[in-house]
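The block underneath contains the structure these notes are about, expressed in structure tokens.
The values are calculated or read from the model by the stated rules, or taken from the named source; none is laboratory data. Note that the structure is a prediction, hence the values are computed from the model and not measured. Neighbour counts run over all protein chains shown; Cβ positions are idealised from the backbone, glycine included.
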Amino acid sequence: MLTIGIDPDQEKCGVGIANGAKLVDMKALHLFELMTLIDQYVEAGAKFVVEDVELAKPTFPKNFGKKPLTPVQKQKIREKISQDVGRVKCLGRLVVAYLKQAGADYVAIKPLGGYAKQTKKDAALFNRITGWTGRSNEDQRDAAMLALFGTRERRLNDVASR
């Protein structure tokens with residue numbers, strides 16, 4: 001069973017492709033490239049798992065680091081974060097709308113937690129859990145974890161101890 005994980009992002013979306021329990025490919029694609037990939041895999045009968053940040057509660061930094069900031073600087077940081085999150089939410093909505101229009105078998109889920117969340121920043125942990133040996137970026141790793149573990153058909157805790 002082919003499962004495609006999608007991590008929407010404002011520049012390039014992370015895409016992870018799994019065949020059963022095996023990660024077979026990862027990509028970073030612009031929206032229109034992603035639409036072409038969706039069309040190809042819908043025809044192949046793939047299931048899609050999309051990260052939906054709207055299902056996670058919003059977070060804003062309370063700790064701005066070691067350097068003291070003025071209230072104006074803190075507000076600018078909050079505004080930038082809000083803009084970035086808004087862009088990702090919009091793109092996520094477009095991806096889900098396209099999947100629906102294409103007749104895809106898909107599910108939108110909140111961002112994964114636990115080990116899956118850790119693998120976004122920790123490539124060595126990701127490689128150990130998935131067996132991946134190639135290069136990857138944070139969005140690709142996130143999408144791969146969605147493809148492998150987003151449907152709960154496999155439990156991440158069962159393989160995390162490898």
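I'd like the full set of residues that are more than 17 Å from residue 93 (Cβ to Cβ) and in contact with a Leu (Cβ under 7 Å, 6 or more places away or on another chain), limited to the range 1-11.
The one that is more than 17 Å from residue 93 (Cβ to Cβ) and in contact with a Leu (Cβ under 7 Å, 6 or more places away or on another chain): 5.
Looking at the range 122-136 only, could you name the residues that are among the hydroxyl-bearing types (Ser, Thr, Tyr) and exposed (fewer than 14 other Cβ atoms within 10 Å of the Cβ)?
133 - this is the single residue of the range 122-136 that is among the hydroxyl-bearing types (Ser, Thr, Tyr) and exposed (fewer than 14 other Cβ atoms within 10 Å of the Cβ).
Looking at the range 117-132, I want the residues that are touching a residue at least 60 places away in the same chain (Cβ under 8 Å) and have a partner that is among the aromatic types (Phe, Trp, Tyr) and surrounded by 15 or more Cβ atoms within 10 Å (Cβ to Cβ) with Cβ atoms under 9 Å, at least 6 apart or on another chain. Which pairs are those?
Between residues of the range 117-132 that are touching a residue at least 60 places away in the same chain (Cβ under 8 Å) and residues that are among the aromatic types (Phe, Trp, Tyr) and surrounded by 15 or more Cβ atoms within 10 Å (Cβ to Cβ), the close pairs are 132/126.
Could you tell me which residue of the range 98-121 is surrounded by the most Cβ atoms within 10 Å (Cβ to Cβ), considering only residues that are part of a loop (DSSP other than H, G, I, E, B) and either modelled with pLDDT of 95 or more or aromatic (Phe, Trp, Tyr) (or both)?
Of the range 98-121, the ones part of a loop (DSSP other than H, G, I, E, B) are 102-104, 110-113.
Among the residues that remain, those that are also either modelled with pLDDT of 95 or more or aromatic (Phe, Trp, Tyr) (or both) are: 102-104.
Details: 102: 15, 103: 8, 104: 19.
Taking the candidates together, the pick is 104.
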